[in-house]
1. Nearest 0.05, what FRET efficiency do residue 17 and residue 101 give at R0 = 41 Å with Cβ-Cβ as r?
2. Can you give the extra length, in nm with one decimal, that the chain gains between residue 29 and residue 44 once fully stretched, where that is 0.36 nm per residue apart less the Cα-Cα distance?
3. For region 1-56, what is the Kirkwood hydrodynamic radius in Å, using each pair of distinct C-alpha atoms?
4. Do any trypsin sites (Lys or Arg not before Pro) in region 19-76 lie in a loop, going by DSSP, with at most 11 other beta-carbon atoms within 10 Å of their beta carbon, and if so which?
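Every number in this text was worked out from the coordinates using simple rules, so none of it is lab data. Everything numeric here is computed off the predicted structure, so don't read it as measured data. Please note: Cβ atoms are built from the backbone with ideal geometry, for glycine as well, and neighbour counts cover all protein chains shown.
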Amino acid sequence: MGQTAPQALEEEHELLRLAEVYNVAVVVTNQVLANLQAFFGDPNRPAGGNVLAHATTHRIYLGKCKGNMRHASVADSPSLPPTEEPIPFLITGRGIEDVPEKSGRGFREEGQEPSQEASSEAA
């Protein structure tokens, strides 16, 4: 069942009040829809409208890549600049993990320090 903007705004204010009273972080998700008729700018529009965007402090865009790989981009934040490139991460049975870095000869072996990697390539 859909909500009207005033109802969504009222719920957002209640969440913000609870976050301040109990000193907790509140995470709100919103689906995005592609506007296929947009010729310029970002064609993605929030399904819940801009009410959520105005009520949040940090907005992070999450996207799906291949398999269990995802990426995150800072869309709007008062303390962080927008990201130029999306940051990849993996969702595994152990939780959220970094994507192994690629080196000149493939992925860096787990536990190998970057200084070891540079010295082994120089040899």
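1. That gives a FRET efficiency of 0.45.
2. In short, 3.9 nm is gained.
3. Every distinct Cα pair counted, the radius reaches 12.8 Å.
4. Answer in residue order: 66.
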